[in-house]
């Protein structure tokens, strides 16, 4: 209903009230019922239009809990003035990489990339979520054809400088590779600025770091953390890497 219709309705109500107040005759009960109905309808319209708008429910009720609560939000891109983040990766042997965490291992294609921001009591952290379509499974409770949501340790975009993310930061939509994300459970959480975030509330899977858990194809060849995999440091194809992975998890 537009404002013109509303004013007409208010006008009708005012005229009716004035008309009845000026009359000094016996009222018709039926007429009064109809008139009161008109007044009630107009008052309901006025009340409805003057109330604050009610927030609509989320379109996707299956969204992870952190997005439903507003702790995490999708963004177009992170701020351009993010500081350079420097840090050291914890040392892991090749056996540790495959056995320290409950990692799923599969090959597939990145079908979607979304930057996100997570608020830890106001302390903002910028990440991304990759959707990966699985075409071959080596380990894990996933089926061929499934699409897996994976939390990345960094946002995706030009000029983003974070050590320990040199491999993952090269992902683009269409990237094909072998991926080894952790399957989050109730014990997977992140504490920061006095806030504890259950990682399952953001995505069902995530990378332990941005270097050692992905082997990806690029126009320049296969990219992975070669110095961290002495046994396959000279590998040039994903077939070689696949054979190595099968040996490690056999």
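The values are calculated or read from the model by the stated rules, or taken from the named source; none is laboratory data. Being a predicted model, the structure only gives us computed values, none of them experimental. Here the Cβ positions follow ideal geometry from the backbone for every residue, glycine too, while neighbour counts run over all protein chains shown.
Okay, residues lined up against (1) free of Cβ contacts under 8 Å to residues at least 12 places away in the same chain; (2) in contact with a helix residue (DSSP H, G or I) (Cβ under 8 Å, 6 or more places away or on another chain); (3) assigned to a loop (DSSP other than H, G, I, E, B); (4) under 19 Å from residue 141 (Cα atoms):
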site	(1), (2), (3), (4)
187	yes, no, yes, yes
239	yes, no, no, no
243	yes, no, no, no
246	no, no, no, yes
inquiry  = Condition (residue is at pLDDT 95 or above, within 23 Å of residue 78 (Cβ to Cβ) and surrounded by fewer than 17 Cβ atoms within 10 Å (Cβ to Cβ)) applied to the range 173-186: is it met by at least one residue?
reply    = yes
key: Test set (1) under 21 Å from the mean Cα position of the chain (by Cα); (2) part of a loop (DSSP other than H, G, I, E, B) - residue 196 fails condition number   = (2)
key: Tally of residues being closer than 19 Å to residue 123 by Cβ and assigned to a strand (DSSP E or B) across the range 159-185   = 1
ask   = In this structure, does residue 72 turn out to be closer than 19 Å to residue 248 by Cβ and at pLDDT 80 or above?
value = no
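Residue check: is residue 147 surrounded by fewer than 16 Cβ atoms within 10 Å (Cβ to Cβ) and either without any contact (Cβ under 8 Å) to a residue 24 or more places away in the chain or more than 21 Å from residue 250 (Cα to Cα) (or both)? If you could, list the steps in order and put the result at the bottom.
Details: surrounded by fewer than 16 Cβ atoms within 10 Å (Cβ to Cβ): yes; either without any contact (Cβ under 8 Å) to a residue 24 or more places away in the chain or more than 21 Å from residue 250 (Cα to Cα) (or both): yes.
So residue 147 passes the test.
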note = Of (1) surrounded by fewer than 20 Cβ atoms within 10 Å (Cβ to Cβ); (2) under 20 Å from the mean Cα position of the chain (by Cα); (3) closer than 15 Å to residue 130 by Cβ, residue 205 satisfies every one except (1)
inquiry  = If residue 134 meets every condition in (1) under 13 Å from residue 207 (Cβ atoms); (2) over 17 Å from the mean Cα position of the chain (by Cα); (3) part of a strand (DSSP E or B) apart from one, which number is that one?
reply    = (1)
ask   = Does residue 216 fit the bill of being at pLDDT 95 or above, under 21 Å from residue 148 (Cα atoms), surrounded by 13 or more Cβ atoms within 10 Å (Cβ to Cβ) and touching a helix residue (DSSP H, G or I) at 6+ places or on another chain (Cβ under 7 Å)?
value = yes
message = Checking the condition assigned to a loop (DSSP other than H, G, I, E, B) and more than 18 Å from residue 217 (Cβ to Cβ), which residue from 114, 96, 143 passes?
response = 143
ask   = Taking the range 102-124 only, how many residues are crowded, with 17+ Cβ neighbours inside 10 Å and touching a strand residue (DSSP E or B) at 6+ places or on another chain (Cβ under 7 Å)?
value = 11
